[in-house]
Amino acid sequence: MSEMFTAFGRAIGSLRTPGMLWHMIWPAIVALLLWIIGAIFSWSVLVDAAMGWIESWPFAGEWVQGSEIAAGTALILVKVALVLAMLPLIYLTAAMLVAIFALPMMIERVARDEYADLEERRGGSNLGSVTNTLWASVLFILLLVASLPLWLIPGVGLLVSLALTAWLNARSFGYDSLMQHADRDEIATLPRARREPMLLLGGACALLAHVPFVNLVAPAFSALVFVHFMLQSLRRERVGAAA
């Protein structure tokens with residue numbers, strides 16, 4: 001737990017690095033604009049499709065079609081569920097932009113200032129980063145779609161969102177944080193050895209996505225937290241191996 005707090009503290013300290021704040025903000029702005037524009041043009045279609053899907057359910061569909069109160073309640077729940085479902089999708093889009101474009105610069109500046117003693121073994125690659133991010137994103141979307149019926153239950157959608165975002169953070173940012181400094185074996189073994197702390201850290205970062213205003217920079221800040229956590233873990237791993 002202390003490692004997690006240390007990573008958060010160091011990430012906050014890194015915000016003073018010139019240019020860091022801009023690379024935290026622009027992915028969120030782009031992702032937000034893309035999804036707002038998409039929602040404006042597709043909102044009616046999505047609501048109608050969701051209501052049609054609910055009306056096709058046995059028993060529940062007949063109840064919704066036969067009662068104005070039930071139909072109104074279902075419509076409200078559908079709209080709330082769609083808005084909530086957009087939050088992890090906005091986060092996912094911003095996280096992809098961070099992982100592919102912003103994170104390499106963030107790693108370079110953080111490593112230069114705080115991890116200069118850590119040898120760069122370059123076991124990862126930009127292609128590996130893109131492949132890992134795309135694979136994680138596809139699986140994230142599939143799991144999100146599969147969980148949509150649960151989002152109609154108040155509170156469950158939030159828990160699903162937090163769990164999926166925690167996994168996405170650990171999977172995507174874990175690789176990208178190590179790709180410049182770890183060798184291939186370290187990239188393969190260190191995330192497995194640190195799986196539980198990484199998921200816990202990913203969950204803590206996922207909470208930021210639901211804090212007003214903070215959520216605008218949550219993906220990039222989460223990436224920065226993982227940079228500190230993973231590079232410090234790599235440093236300890238090498239010191240232990242050399243002892």
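Here is a list: 200, 207. Which entry is farther than 22 Å from residue 128 by Cβ and modelled with pLDDT of 95 or more? Break it down into steps so the answer makes sense when it comes.
Details: 207 fails: modelled with pLDDT of 95 or more.
So the residue among 200, 207 that is farther than 22 Å from residue 128 by Cβ and modelled with pLDDT of 95 or more is 200.
Only one of these is surrounded by 16 or more Cβ atoms within 10 Å (Cβ to Cβ) and assigned to a helix (DSSP H, G or I): 187, 141. Name it. Lay out the reasoning, then the answer.
On the way: 141 fails: surrounded by 16 or more Cβ atoms within 10 Å (Cβ to Cβ).
Result of the check over 187, 141: 187.
Of the residues 66, 9, 72, which is under 30 Å from residue 217 (Cα atoms) and either modelled with pLDDT under 85 or out of contact with any Leu (no Cβ under 9 Å at 6 or more places or on another chain) (or both)?
Working: 66 fails: under 30 Å from residue 217 (Cα atoms); 72 fails: under 30 Å from residue 217 (Cα atoms).
Of 66, 9, 72, the one residue that is under 30 Å from residue 217 (Cα atoms) and either modelled with pLDDT under 85 or out of contact with any Leu (no Cβ under 9 Å at 6 or more places or on another chain) (or both) is 9.
Which members of region 81-96 meet the condition of being under 17 Å from residue 179 (Cβ atoms) and either at pLDDT below 85 or open to solvent by 10 Å² or more (accessible area, probe 1.4 Å) (or both)? Spell out how you get there, then give the answer.
We begin by selecting, within region 81-96, every residue under 17 Å from residue 179 (Cβ atoms); these are 95-96.
Answer for region 81-96, where residues must be under 17 Å from residue 179 (Cβ atoms) and either at pLDDT below 85 or open to solvent by 10 Å² or more (accessible area, probe 1.4 Å) (or both): just 96.
Give the residues of region 109-133 that are part of a helix (DSSP H, G or I), touching a residue at least 12 places away in the same chain (Cβ under 8 Å) and closer than 18 Å to residue 172 by Cβ, sorted by residue number.
Initial filter on region 109-133 (part of a helix (DSSP H, G or I)): 109-114, 126-133.
If we keep only those that are touching a residue at least 12 places away in the same chain (Cβ under 8 Å) as well, we get 109-111, 113-114, 126, 128-130, 132-133.
Scanning region 109-133 gives 110, 126, 128, 129, 130, 132, 133.
Exactly one of (1) more than 30 Å from residue 151 (Cβ to Cβ); (2) open to solvent by less than 60 Å² (accessible area, probe 1.4 Å); (3) part of a helix (DSSP H, G or I); (4) modelled with pLDDT of 90 or more is unmet by residue 240. Its number?
Among (1) more than 30 Å from residue 151 (Cβ to Cβ); (2) open to solvent by less than 60 Å² (accessible area, probe 1.4 Å); (3) part of a helix (DSSP H, G or I); (4) modelled with pLDDT of 90 or more, residue 240 violates only (4).
Return the residue satisfying two criteria in turn: it lies in region 146-159 and is among the hydrophobic types (A, V, I, L, M, F, W, C) and over 16 Å from the mean Cα position of the chain (by Cα), and of such residues it is farthest from residue 72 (Cα to Cα). Give the steps one after another, and end with the answer.
Taking region 146-159 as the starting set, the residues that turn out to be among the hydrophobic types (A, V, I, L, M, F, W, C) are 146, 148, 150-153, 156, 158-159.
Filter once more, so that each one left must be over 16 Å from the mean Cα position of the chain (by Cα): 146, 148, 150-153, 156.
Details: 146: 24, 148: 19, 150: 19, 151: 17, 152: 14, 153: 16, 156: 21 Å.
Checking each candidate, the answer is 146.
Pick out the one residue from 122, 184 that is more than 13 Å from the chain's Cα centre (by Cα) and at positive phi.
Numbers: 184 fails: at positive phi.
One residue alone meets the criteria, 122.
The values are calculated or read from the model by the stated rules, or taken from the named source; none is laboratory data. As the structure is a prediction and not an experimental result, all values here were calculated from the model. Here the Cβ is made from the backbone with ideal geometry for all residues, glycine too, and neighbour counts use every protein chain on show. These area figures cover heavy atoms from the full protein model, side chains too; ligands, DNA and RNA do not enter into them. Shrake-Rupley method; radii C 1.70, N 1.55, O 1.52, S 1.80 Å.
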